[in-house]
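One structure is given below, encoded as structure tokens.
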């Protein structure tokens, strides 16, 4: 549950980081998403992107801890 909450917040922050990159590269001052639906779609993509990264990091950390416990003998 914590992973989903963190992914939601980071996905929202990622929208603004992506927007800033696009505005700097293209020389825009604002970005129009075209309504709430495209904005939610981008947020959903970012949510799942961050969620999968957090899942992989969590699994890596857990396996690293198990390896450290096994090799301590």
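Just so it is clear, none of the values below were taken in a lab; they were calculated from the coordinates. Not measured: the values here are computed from a predicted model.
Mind running the shape call on the range 2-66? Use the C-alpha gyration tensor, a ≥ b ≥ c as the square roots of the eigenvalues: rounded below 1.5 for a/c, prolate if a/b tops b/c, oblate otherwise. Taking the square roots of the gyration eigenvalues as a ≥ b ≥ c, the range 2-66 is prolate. Axis angle, to the nearest 10 degrees, between helix 2-26 and the longest C-alpha principal axis of the chain: 40 degrees. In the chain, the calculated helix contribution to ellipticity at 222 nm averages -29500 deg cm²/dmol per residue, counting -39,500 (n - 2.57) for every DSSP H run with n ≥ 4. If the elastic network links every pair of Cα atoms under 10 Å, which of 14, 54, 25 fluctuates the most in the Gaussian network model of the chain? Highest fluctuation of the listed residues: 25. Rounding to the nearest 10 and keeping the result within 0 to 90°, find how far the Cα-based axis of helix 36-70 lies from the longest principal axis of the chain. Approximately 20 degrees, to the nearest 10.
Between the alpha-carbon centers of the range 1-37 and the range 38-73, tell me the distance in whole angstrom. So the two Cα centres are separated by 21 Å.
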